[in-house]
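Notes follow once the structure below has been shown.
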Amino acid sequence: MHTSILLLTALCAGAYAQFSANGQAAILNVHNTLRSRIAKGTYVAKGTAKPAASDMLKMKWDATVAASAQAYANKCPTGHSGAAGLGENLYWYWTSATITNIDQFGATGSAAWEKEFQDYGWSSNTLSMSLFNTGIGHATQMAWAKTNLIGCGVKNCGKDTNGFNKVTVVCQYKPQGNYLNQNIYTSGTTCSKCPSGTSCEAATGLCA
């Protein structure tokens with residue numbers, strides 16, 4: 001039986017109801033830009049150049065996954081949902097200001113997750129417990145080669161117990177990533193191992 005790990009992130013600073021088409025596109029852009037740079041062998045994590053990926057799928061927005069993420073975000077959670085078969089990243093934002101633009105927080109949260117690679121490095125393509133414990137678990141879910149569907153939800157949760165206005169972002173992923181002792185991606189010539197049913201998107205190096 002595989003063990004898959006989920007994580008949460010709390011950052012301070014604010015937004016309000018589900019992501020618009022522009023908000024969805026912004027989230028996808030952060031994810032697929034990261035994945036494209038890895039696929040092409042141009043991604044550098046805290047000074048270390050990562051080898052190209054042979055099997056990196058392009059992520060697409062999935063309405064069913066997004067509905068699940070939105071339903072959970074609406075609960076203003078403080079921990080993971082445990083949704084079966086889905087990976088999950090959580091992000092919180094607090095501010096004293098009035099929240100007026102919800103869309104920005106999906107991309108903001110995604111960028112914060114990716115920044116884990118810059119803050120803590122990325123020493124191996126195999127997800128060991130020691131690698132996970134360095135604090136890069138949100139980023140590794142973003143980079144998980146076999147994950148090709150994403151859906152996110154967002155909620156203006158109003159005033160929190162600390163007196164600040166709080167926004168919750170939930171992104172869920174399918175197939176789920178972050179399985180211990182599995183490869184995050186397979187190193188090799190870009191697109192050389194695209195899964196059956198996909199082909200190489202030359203501009204991005206992603207299997208689409």
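The values are calculated or read from the model by the stated rules, or taken from the named source; none is laboratory data. Quantities reported herein were computed from a predicted structural model and do not represent experimental measurements. Ideal geometry is used to build each Cβ from the backbone, glycine not excepted, and the neighbour counts take in all protein chains shown. We work out accessible area using only protein heavy atoms, side chains counted, and drop any ligands, DNA or RNA first. Shrake-Rupley method; radii C 1.70, N 1.55, O 1.52, S 1.80 Å.
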**Item:** All positions within the stretch 43-95 that are in contact with a strand residue (DSSP E or B) (Cβ under 8 Å, 6 or more places away or on another chain), open to solvent by 50 Å² or more (accessible area, probe 1.4 Å) and within 20 Å of VAL30 (Cα to Cα)
**Value:** PRO51, LYS58, LYS60, TRP61, ALA63, TYR93
**Prompt:** Which fully enclosed helices (runs of 4 or more DSSP H) of the stretch 40-158 have 1 or more residues being within 22 Å of ALA208 (Cβ to Cβ) and in contact with a helix residue (DSSP H, G or I) (Cβ under 7 Å, 6 or more places away or on another chain)?
**Reply:** 104-120, 137-143
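Do we have THR98 as at pLDDT below 95 and open to solvent by 50 Å² or more (accessible area, probe 1.4 Å) here? I'd like the intermediate steps shown before the answer.
Working: at pLDDT below 95: yes; open to solvent by 50 Å² or more (accessible area, probe 1.4 Å): yes.
So THR98 passes the test.
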**Message:** Looking at the structure I just gave you, is GLN176 open to solvent by 10 Å² or more (accessible area, probe 1.4 Å) and either not in a loop (DSSP other than H, G, I, E, B) or not β-branched (Val, Ile, Thr) (or both)?
**Reply:** yes
**Asked** Only one residue in ILE150, ILE184 is closer than 19 Å to HIS80 by Cβ and touching a residue at least 12 places away in the same chain (Cβ under 8 Å), so which one is that?
**Response** ILE150
**Request:** Would you be able to say whether some residue in the stretch 116-127 is touching a Ser or Thr at 6+ places or on another chain (Cβ under 8 Å) and within 24 Å of PRO195 (Cα to Cα)?
**Result:** yes
**Message:** Scan the stretch 16-39 and tell me whether some residue there is exposed (fewer than 15 other Cβ atoms within 10 Å of the Cβ), at pLDDT below 95 and either among the polar types (S, T, N, Q) or more than 30 Å from SER192 (Cα to Cα) (or both).
**Reply:** yes
